Each structure stands twice: as C-alpha cells, then as structure tokens.
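Notes follow the structure.
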Amino acid sequence: MSPKLSDLMSLDNAVFRAYLFYSAVLILKMLLMAPLTARWRYAKKIFISPEDTKLAKGGKSGIQDPDIERVRRAHLNDLENIPIFFVAAFGYLMTNPAPFIAIMLMRLFTLARIAHTIVYAVIVIPQPARAIAWFLGYFITIYMGVISLLTFLV
C-alpha cells in the first residue's frame, strides 16, 4: 500500500523536512549571488547601466570584467540547475524513498552547488574542481528524475 500524500508532505517525514531545509539553503545561496556580484562591481567600479556609474566615483559601464563575469556565470549556472533540482527532488520525495539515501542526496547536491560557486567564483580553483561539483549535482538530479519517472510510469 502506498503512503498517503499527507504522510509524505508531513513535517513528521524526515525526508520532507530535509527537502524544505535544503531548499531553503539553496534559495539563500542563490540570493547571495547578487550581493557577491555587486561587491565585485563596486570594487572594480564597473556597472551594468550608465546610470549606476553615479554610485561610485570614477564608475564605468559597458565594460566586461572577467571577475564580475565569473560570478554572473556562477549565478546563471545556479539558475539553470537549482530550480530543476527542486522539481526533481519533489518528485523523488513522492516516491517515498529511503530516508538515509534521500537526505544524503539532497545534502550532497547542496554541498556540490556551494562547492561549485566557491571554486568558480570565490576562490578560483582550476578544473576539474568545478566540473566535479557540477557533475555531482547533475547526476543526483538525473537519478531523482529517473526514479520518479520509473515510479510514476503510466
């Protein structure tokens, strides 16, 4: 007999609590990317719009800076991967997975995304560090999607 939806989406369910917790961590991580970009913009006095140049004496716009672009690309990569994880993890949660495995997968995905940002945009570490972090999160998302697909195959 399958568990009821109310049991799966209950705060008594450790997997659902972990899903909510790690989703919140990932949301805050994505939101912190904007101030990180702003920090670089102010430090370099390079802004995206001409009107923003008034924010810092000697500010310029229309210039691409490798450090600023690196942070923007890391943020874009988050926006491409984390929302998909939210959907895949929610579907996976509905399969009533083993708590240890499900929680470990969510934890590893979250740590992989944080590591991806660190090695790409904070303390730049040569490849394959970024690729390892990205692939770990990617494969976790694929795994969750495949398990969901096979469970709910119609």
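The values are calculated or read from the model by the stated rules, or taken from the named source; none is laboratory data. Remember, it's a predicted structure, so these values are computed and weren't measured experimentally. No Cβ is skipped: glycine too gets one built from the backbone with ideal geometry, and neighbour counts run over all protein chains shown.
Taking region 121-143 only, how many residues are at pLDDT below 95 and either of a type in the set (D, E, K, R) or closer than 21 Å to P83 by Cβ (or both)?
The qualifying residues number 1.
Among the listed residues D7, D12, D65, identify the single one that is acidic (D, E) and surrounded by 14 or more Cβ atoms within 10 Å (Cβ to Cβ).
Unique residue meeting the criteria: D65.
Of these, V25, V71, which one is under 14 Å from A121 (Cβ atoms) and surrounded by 13 or more Cβ atoms within 10 Å (Cβ to Cβ)?
None of the other options fit; the residue is V71.
If we scan region 28-47, do we find a residue that is modelled with pLDDT of 95 or more, under 30 Å from S2 (Cα atoms), loosely packed, with under 15 Cβ neighbours inside 10 Å and not aromatic (F, W, Y)?
Among the residues of region 28-47, not one is modelled with pLDDT of 95 or more, under 30 Å from S2 (Cα atoms), loosely packed, with under 15 Cβ neighbours inside 10 Å and not aromatic (F, W, Y), which makes the answer no.
Looking at (1) surrounded by 18 or more Cβ atoms within 10 Å (Cβ to Cβ); (2) of a type in the set (V, I, T); (3) within 21 Å of L150 (Cβ to Cβ), can you tell me which one V119 breaks?
It fails just one condition, (3).
Here are some residues: P50, P128. Which one is farther than 30 Å from A14 by Cβ, out of contact with any strand residue (DSSP E or B) (no Cβ under 9 Å at 6 or more places or on another chain), loosely packed, with under 14 Cβ neighbours inside 10 Å and not small (G, A, S)? Spell out how you get there, then give the answer.
Numbers: P50 fails: out of contact with any strand residue (DSSP E or B) (no Cβ under 9 Å at 6 or more places or on another chain).
Every option except P128 fails the conditions.
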